[in-house]
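Novice: Got a structure here, written out as structure tokens. Questions coming.
Just so you know, all these numbers are worked out from the coordinates, no wet-lab data involved. Everything numeric here is computed off the predicted structure, so don't read it as measured data. Here the Cβ positions follow ideal geometry from the backbone for every residue, glycine too, while neighbour counts run over all protein chains shown.
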Amino acid sequence: MEKVLKKGHFAFTGELGPPRGANAEEVRKKAAFLKGNVDSVNITDNQTAMVRMSSWASCLLLIQEGLEPNYQMVCRDRNRLAMQSDILGAYALGIRNILCLSGDHCKFGDHPQAKGVFDIDSMQLIAMVKKMRDEGQFLSGGELDEAPKMFIGAAANPFADPFEWRVYRLAKKVSAGVDFIQTQCIYNMEKFRQYMKQANDMGLTEKVFILAGVTPMKSVGMAKYMKNKVPGMDVPDEIIKRLQGVEKKKQAEEGIKIAVEQIEEFKEMKGVAGVHLMAIEWEHKVPQIAEMAKVLPRPKLE
């Protein structure tokens with residue numbers, strides 16, 4: 001993924017949620033739909049604070065299947081010792097990309113009584129990985145035997161309030177040392193255009209690769225849920241009306257069309273270096289979306 005971005009290709013990444021059990025075949029089955037269609041695959045880390053197979057273990061299964069993983073790490077579940085230990089282990093086993101996240105609060109998950117760690121936040125995690133990679137030092141200042149040369153990523157939500165401050169939070173992550181950004185799901189294109197104009201005007205897009213987040217809507221119900229129940233999500237009424245305008249069994253097809261239209265615009269948008277496709281439990285649709293969006297074949301780089 002790093003080479004794809006640095007050589008100026010329009011990146012196309014995917015996502016895979018590990019299973020709620022120890023079945024490795026479930027990971028391999030999902031991975032089969034992504035192989036050859038994306039440059040890298042995010043492996044979520046107990047997303048929504050629900051227990052799942054560990055991100056690093058799922059990443060190893062992806063490597064076995066010939067895919068490049070993007071190892072997600074949240075600050076919720078580990079202190080700085082465990083994080084640095086896991087980063088070293090992940091790199092030793094062939095994982096080269098890391099996405100630094102704060103993590104959803106435990107109260108939203110299946111163990112609401114669990115104690116959130118949050119020893120450091122996502123901004124500090126970015127800086128810690130950079131220190132390990134570029135200075136060969138632990139956060140404590142101690143010397144590393146061998147530095148983990150990770151490509152460092154983070155998330156950004158262009159839509160949370162106050163909107164005017166979102167680009168400054170992005171700037172803080174750039175200052176901390178992030179290499180690439182994957183955004184929250186985008187539906188409000190007008191607001192995202194404003195966000196990207198601010199990022200371009202501030203010179204941030206010359207310092208970091210921004211991948212626009214895309215999640216196809218499966219139904220009107222999903223669109224309404226995202227609009228009303230998911231914090232930080234901005235789903236315009238036009239999206240809901242468009243899905244309501246087709247019969248129920250064709251709503252998923254319309255949702256894919258909307259996603260493809262977005263990808264086509266992102267390919268032409270200044271400062272957008274690629275797309276991060278989050279086809280939640282819909283991995284089997286990724287080949288169709290990639291073909292419709294004309295992002296195939298993917299670049300073959302050594």
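Novice: Return the FRET efficiency for the residue pair Q137, A82: r is the Cβ-Cβ distance, R0 is 22 Å, and the value is rounded to the nearest 0.05.
Specialist: Efficiency, rounded to the nearest 0.05: 0.80.
Novice: If a/c stays under 1.5 just call it rounded; otherwise compare a/b with b/c (prolate if a/b is bigger, oblate if not). Do that for the stretch 165-239, with a ≥ b ≥ c from the square roots of the Cα gyration tensor eigenvalues.
Specialist: Cα axes put the stretch 165-239 in the prolate bin.
Novice: Residues with amide H under 5 Å of A156's amide H, sequence separation 5 or more or different chain, H placed in the peptide plane at 1.01 Å from N; which?
Specialist: Result for A156 returns Q182, T183, Q184.
Novice: Considering only DSSP beta bridges where both residues belong to the stretch 2-292, give the percentage that are antiparallel (nearest 5).
Specialist: That works out to approximately 5 percent antiparallel.
Novice: Residues with beta-carbon under 15 Å from that of S55, excluding S55: net charge, scoring Lys, Arg +1 and Asp, Glu -1?
Specialist: Combined, the nearby Lys, Arg, Asp and Glu give -1.
Novice: Could you work out how far helix 220-229 tilts from the main Cα principal axis of the chain, as a 0 to 90 degree angle to the nearest 10?
Specialist: Helix 220-229 sits roughly 50 degrees off the main axis of the chain.
Novice: Say a paramagnetic label sat at a point 7 Å from the Cα of A22, along Cα to Cβ; which residues of the stretch 59-97 have their backbone N under 19 Å from it?
Specialist: What the label zone holds, given the 19 Å backbone N cut-off, is 59-62.
Novice: Checking the cross-link filter: which lysines have an alpha carbon closer than 22 Å to that of K6, excluding same-chain neighbours under 8 positions apart?
Specialist: K35, K130, K131, K149, K172, K173, K197, K207, K267, K270, K294, K300
Novice: Can you tell me the orientation of helix 55-64 relative to the chain, as the angle in degrees between its alpha-carbon axis and the longest Cα principal axis, to the nearest 10?
Specialist: Helix 55-64 and the main axis of the chain meet at about 80 degrees.
Novice: Let me ask something else. Mind checking the dipole of the chain: about its Cα centre, +1 per Lys or Arg Cβ, -1 per Asp or Glu Cβ, Debye to the nearest 20?
Specialist: Charge dipole of the chain: 480 debye, to the nearest 20.
Novice: Now for a different question. Could you check the spin-label model distance between S219 and L301? Points 7 Å from the Cα along Cα→Cβ, value in nm.
Specialist: With each label point 7 Å from Cα toward Cβ, the separation is 4.0 nm.
Novice: While we're on this one: Placing one identical point scatterer on every Cα of the stretch 2-292 and ignoring solvent, what is log10 I(q)/I(0) from the Debye formula at q = 0.07, 0.10 Å⁻¹?
Specialist: Per q value, in the given order, log10 I(q)/I(0) is -0.25, -0.53.
Novice: Which net charge results for the neighbourhood of P112, defined as the other residues with beta-carbon distances under 13 angstrom from its beta-carbon, given Lys and Arg at +1 and Asp and Glu at -1?
Specialist: Surrounding charge for P112 is +1.
Novice: Once you keep just the Cα pairs under 8 angstrom separated by 6 or more residues, what percentage relative contact order results for the stretch 2-292?
Specialist: Contact order relative to length: 19 percent.
Novice: While we're on this one: Report, in deg cm²/dmol and to the nearest 500, the calculated mean residue ellipticity at 222 nm for the chain, where each DSSP H run with n ≥ 4 adds -39500 (n - 2.57) and the sum is divided by the residue count.
Specialist: -11500 deg cm²/dmol
Novice: Once fully extended, how much extra length lies between K250 and K35, figured as 0.36 nm per residue of separation less the alpha-carbon to alpha-carbon distance?
Specialist: Taking 0.36 nm per residue and subtracting the Cα distance, the gain is 74.7 nm.
Novice: Give the long-range amide H neighbours of I280: residues separated by 5 or more places, or on another chain, with amide H under 5 Å away, using H modelled in the peptide plane at 1.01 Å from N.
Specialist: Result for I280 returns nothing.
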